[in-house]
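Beneath this line is the structure, given in structure tokens, with notes to follow.
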Amino acid sequence: MTSGDPSYSELSAIYDREAVIMANHEVAPNTFLLKWHSPEMAAEARPGQFVMIRTGTALDPLLPRPFSICSVRDNSEIHILYRIVGRGTVALSRVPEGGRISVMGPLGNGFDLTRIDRPAVLVGGGIGIAPLILLYERLGMEKCIFLMGFPGRGDVIPLEALDLSEAPVHIATDDGTMGHAGLVTELLEAQLSHEENRGLRVYACGPQAMLRRVAELTTKRDIHCQVSLEAHMACGLGACQGCAVEAAPGRARAYHHVCRDGPVFDA
Ligand code: FES
């Protein structure tokens, strides 16, 4: 099975549930970790998949929002890491422990895990680290290096809050206030320059400029790379056309739906 194959999502069940919040707390400025109990979603969730969340029963905010699945714990808990970016996420941040949300998922095509025996480099920019955390949990620390990029120290999400204190994480900050001073793609470039291409795989999620650079670096070295794209989504099911992105030149289709054909694509 390859990423971007629409049949992949058809293999997993999709649930539409009201969930009771177990925790919803701020782990970094404007960044929250949300947890709920859902053994059936937890059993289906694959790294790179997402859920659509609607807060409360009010009509405002009307549309559900997509959130990457960040972690699955004890085969029963789903965790979401999110940043406050607008009315929907403000409303979500105000749902207290014991409050209820509507959740549909898991949705989309996750990362292709057919070669998880290979060494891997995970590259996350900002909140783009979220889907890579579940991937890291599935791959295990022996095979992974996790590169994270943030604007500055104040934006870095504490690794303890994500249970990543022991993980092989390297941090870059644009303003040089923590870790490598510069872009996370510079860390990737350094990593690739002293790695033989022994079947290495690269998985990335973050801003588009970062993903473009990751794709350039890996394509040049003929390294397999998958990227998870972010897009505005209204339905999450391929019905509204709201998440269409232009396909690479030479593809059979002019557009892909990020929600149904992705969010993970071959770089
Ligand atoms: Fe509706 Fe993708 S979100 S088609």
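Hey, got the Cα dimensions of region 50-169 along the principal axes, in Å, largest first?
Sorted from largest, the Cα extents of region 50-169 read 46, 34, 23 Å.
Could you compute the net charge surrounding I84? Neighbours are other residues with a C-beta less than 11 Å from the C-beta of I84; K and R count +1, D and E count -1.
For residues surrounding I84, the net value is +2.
At 7 Å along Cα-to-Cβ for each site, give me the label-to-label distance between R118 and A247 in nm.
Inter-label distance under the simple model: 2.3 nm.
Using only the alpha carbons of region 110-149, determine the length spanned along each of the three principal axes and report them from longest to shortest in whole angstroms.
Principal axes ranked by extent give 27, 20, 12 Å for the Cα atoms.
Note down the net charge around L122, summing +1 for each Lys or Arg and -1 for each Asp or Glu among other residues with Cβ under 12 Å from its Cβ.
+2
If I stretch the segment between T219 and I84 completely, what's the gain in nm (0.36 nm per residue apart, minus their alpha carbon distance), one decimal?
45.2 nm
Write down the percent of antiparallel bridges among all DSSP beta bridges whose residues are both part of the chain, to the nearest 5.
60 percent
What does the chain give for Rg and for Dmax, in Å, if only its C-alpha atoms count?
My reading of the Cα-based Rg and Dmax gives 17.7, 54 Å.
Using packing as a proxy for protection, rank 235-244, 221-230 so that the peptide with the highest average count of other Cβ atoms within 10 Å comes first.
Most protected by this proxy first, the peptides run 221-230, 235-244.
Looking at region 118-244 from every direction and averaging, what is the projected area of its Cα convex hull in nm²?
Result: a mean projected hull area of 8.6 nm².
Quick one: among G86, G124, G179, which has the greatest mean-square fluctuation in a GNM of the chain with alpha-carbon springs under 10 angstrom?
Comparing G86, G124, G179 in the GNM, the peak value goes to G86.
Taking only C-alpha pairs under 8 Å that are 6+ residues apart, what is the relative contact order of the chain in percent?
Once divided by the residue count of the chain, the mean separation gives 20 percent.
In Å and whole numbers, how far do the C-alpha atoms of region 210-249 stretch along each principal axis, longest first?
37, 19, 14
Using θ = phi - 60° and the Karplus relation 6.51 cos²θ - 1.76 cosθ + 1.60, list the HN-Hα couplings for region 126-138 in order, rounded to whole Hz, with x at every Gly or Pro.
Rounded to whole hertz, the list is x, 5, x, 5, 4, x, 6, 5, 5, 4, 4, 4, 7.
Taking H placed 1.01 Å from N in the peptide plane, check which residues at least 5 places from Y255 or on another chain put their amide H under 5 Å from its amide H.
Excluding prolines and chain starts, which carry no amide H, the hits are A247.
From the phi of every residue in region 259-264, what ³J(HN,Hα) in whole Hz does the Karplus formula 6.51 cos²θ - 1.76 cosθ + 1.60 yield, where θ is phi - 60° and glycine or proline is x?
Result, ordered by residue: 6, 9, 8, x, x, 8 Hz.
Once amide H atoms are placed 1.01 Å from N in the peptide plane, what residues at a sequence separation of 5 or more from W36, or on another chain, have their amide H within under 5 Å of its amide H?
Under 5 Å from the amide H of W36: M22, I78.
Translational diffusion coefficient of region 121-175 at 4 °C, 1.567 mPa s, Stokes-Einstein with Kirkwood Rh over Cα pairs, in µm²/s as a whole number.
In µm²/s, the coefficient is 115.
Report, for region 132-267, the % of DSSP beta bridges that are antiparallel, rounded to 5.
Percentage antiparallel, nearest 5: 35.
Computed FRET efficiency, Cβ-Cβ of T177 and A23, R0 30 Å: what is it to the nearest 0.05?
Given R0 = 30 Å and the Cβ-Cβ separation, E is 0.55.
Based on the Cα gyration tensor of region 31-120, what are the three equivalent ellipsoid semi-axes, each the root of five times an eigenvalue, rounded to whole Å and given largest first?
Semi-axes from the Cα gyration tensor: 26, 14, 12 Å.
Can you run phi through the Karplus equation (6.51, -1.76, 1.60; θ = phi - 60°) for region 101-117 and list ³J(HN,Hα) in whole Hz, with x for Gly and Pro?
So the J values, rounded to whole Hz, are 9, 9, 10, 10, x, x, 10, x, 9, x, 5, 6, 10, 5, 10, 6, 6.
Using only DSSP helix segments of four residues or longer, with each worth -39500 (n - 2.57), what per-residue ellipticity at 222 nm results for the chain after dividing by its residue count and rounding to 500?
Rounded to the nearest 500, the figure is -5500 deg cm²/dmol.
Since every read-out is calculated from the coordinates, none of them should be taken as a lab result. Just so it is clear, the structure is predicted and the values come from calculations on it, not from any experiment. Cβ atoms come from the backbone with ideal geometry, glycine included; neighbour counts cover every protein chain shown.
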